[in-house]
């Protein structure tokens with residue numbers, strides 16, 4: 001019996017080593033999408049249009065809080081021109097539908113938007129993310145609506 005236990009332990013040793021060398025599990029999809037939203041707001045505050053563009057599908061469409069619509073190229077340009085002193089995301093929630101995630105939340109910001117307009121406001125927003133064929137998550141649409149000041 002002792003020999004059997006020793007043989008089993010030796011046989012299982014490679015599995016133990018392999019488990020220790022296995023990369024950490026990926027974040028759940030919801031956490032991944034929330035992290036992408038944080039990356040977006042951080043890049044926006046830094047006026048880093050190309051970083052925001054990397055998160056967006058080529059067919060991306062945005063509906064701004066004033067009702068205007070923007071393409072990916074227009075949003076990237078406006079992000080590059082924007083100057084923000086503060087931006088924050090709160091009240092975020094993710095709802096999954098297969099390989100599609102809807103992320104909602106509240107954005108608060110102070111600064112100047114890409115059109116030169118001074119902003120000190122809050123908006124509720126909804127972003128739709130899809131998982132592309134290469135496994136990368138991309139935002140395909142975004143919509144926002146103004147909220148009253150707190």
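Read the figures in this text as sums done on the coordinates, not as results from a lab. Just so it is clear, the structure is predicted and the values come from calculations on it, not from any experiment. When we count neighbours, we look across all protein chains shown, and the Cβ atoms used for this are built from the backbone with ideal geometry, even at glycine.
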A correct fewest-to-most ranking of 142, 65, 86, 44 by other Cβ atoms within 10 Å would be 86, 65, 142, 44
1/(1 + (r/R0)^6) with r = Cβ-Cβ of residue 90 and residue 58, R0 = 35 Å, i.e. FRET efficiency to nearest 0.05, evaluates to 0.75
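Quantify how much of the Cα-Cα distance distribution of region 98-150 extends past 18 Å, in percent.
Value for region 98-150 (Cα pairs over 18 Å): 46 percent.
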Spin-label point model (7 Å from Cα, Cβ direction): what's the residue 104 to residue 46 distance in nm?
-> 3.1 nm
Set of region 53-92 residues, backbone N closer than 15 Å to the point 7 Å along the Cα-Cβ line of residue 145 | 63-68
How long is region 27-147 along each principal axis, judged by its Cα atoms, biggest number first, in Å?
-> 39, 27, 25
Of all DSSP beta bridges in region 27-147, what percent run antiparallel (nearest 5)?
-> 90 percent
